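Asks: Structure incoming, see below.
Coordinate-derived values only; no laboratory data. What you see is a predicted model; the values in this text were computed from it and never measured. Methodologically, a virtual Cβ is constructed for each residue, glycine included, from the backbone with ideal geometry; neighbour enumeration extends over all protein chains shown.
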Amino acid sequence: MEELIKWEHTIEALKEYAEFFMRTYKDKLSVEGHIATGDLASKMDYVFDVGPGRIEVTLRLEDYWRYLEYDTKPHYPPYKAILDWVKVKFHGNLPNGYDGELPAKTETLEKRFAYFTQKKIGERGTTGTHLLEKTGNEAYSKFNEVIEEAVSKDVEEAVDAILLTAFAR
């Protein structure tokens, strides 16, 4: 059975919304200094799935987005993952003023920094950025009316087509 409503305007508005969302999220990640490897920003994408009576837009992100977005309870992340992050994030240039005691099993400043970062997360957890939430609120404010108008236009066009067909008989 053919779908009565074509949803062309709605799909176009939702694509604009998704593009704006991704662009804004990438900008926020960059401005707030949350780009290490760049994978989260560069591999971000969205998928459209349109079917009978539904339109779904899904944002696809690297799995670790949750750890950036939300607060975490104290836990000990894998040391190697922290060390790899330190190497990528700082490229050998650790933050100014960093000074910590050298643990017995570490021999470089990067390893020392990774050790203390792991220890801090183990004691305090992490504070999430909530950048996805902030981006979502901003995108919703900007596109809510646009999407409502697109839906109305699609429904109006479908009703006009039904009426035209009914009166043509």
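Asks: Only one of the values [x] 73, 37, 35; [y] 89, 28, 24; [z] 78, 35, 30 was calculated from this structure for Cα extents along the principal axes in Å; name its label.
Replies: This structure yields the entry labelled [y].
Asks: Can you tell me the length gained on complete extension of the stretch D71 to K6, counting 0.36 nm per residue apart and subtracting the Cα distance?
Replies: Contour length minus the Cα-Cα distance gives 19.2 nm.
Asks: Which value at 222 nm does the chain reach when only helices count, each DSSP H run of 4 or more adding -39,500 (n - 2.57), with the total divided by all residues and rounded to the nearest 500 deg cm²/dmol?
Replies: -19500 deg cm²/dmol
Asks: Using a Förster distance of 35 angstrom, determine the FRET efficiency expected from the C-beta separation of R23 and F116, and round it to 0.05.
Replies: Efficiency, from the Cβ-Cβ distance: 0.50.
Asks: A further question follows. Longer than 23 Å from Cα to Cα, which of K80/K134; K6/K28; K15/K89; K26/K142 are they? Say none if no pair is.
Replies: The pairs that break the limit, which is 23 Å between Cα atoms, are K80/K134; K6/K28; K15/K89.
Asks: Pull up the cross-link candidates among the aspartates and glutamates for K119, meaning alpha carbon to alpha carbon under 18 Å and not fewer than 8 places away within one chain.
Replies: Correct list for K119: D71, D84, D99, E101, E107, E110.
Asks: If I build a Gaussian network model for the chain, linking alpha-carbon pairs within less than 10 angstrom, which residue out of G33, G125, G51 has the largest mean-square fluctuation?
Replies: Residue with maximal mean-square fluctuation among G33, G125, G51: G51.
Asks: Around E19, with a cut-off of 13 angstrom between Cβ atoms, what is the net charge of the other residues, counting Lys and Arg +1 and Asp and Glu -1?
Replies: 0
Asks: Would you pull out the residues with amide H under 5 Å of T129's amide H, same chain only if 5 or more places away, H placed 1.01 Å from N?
Replies: E69, Y70
Asks: Please report the spacing between the Cα centers of region 120-169 and region 45-68 in Å, no decimals.
Replies: Cα centroid to Cα centroid, the span is 13 Å.
Asks: Which helices of the chain meet both criteria: a Cα extent of 24 Å or more along the helical axis and a mean Kyte-Doolittle score no lower than 0.0, with helices taken as whole DSSP H segments?
Replies: 131-168
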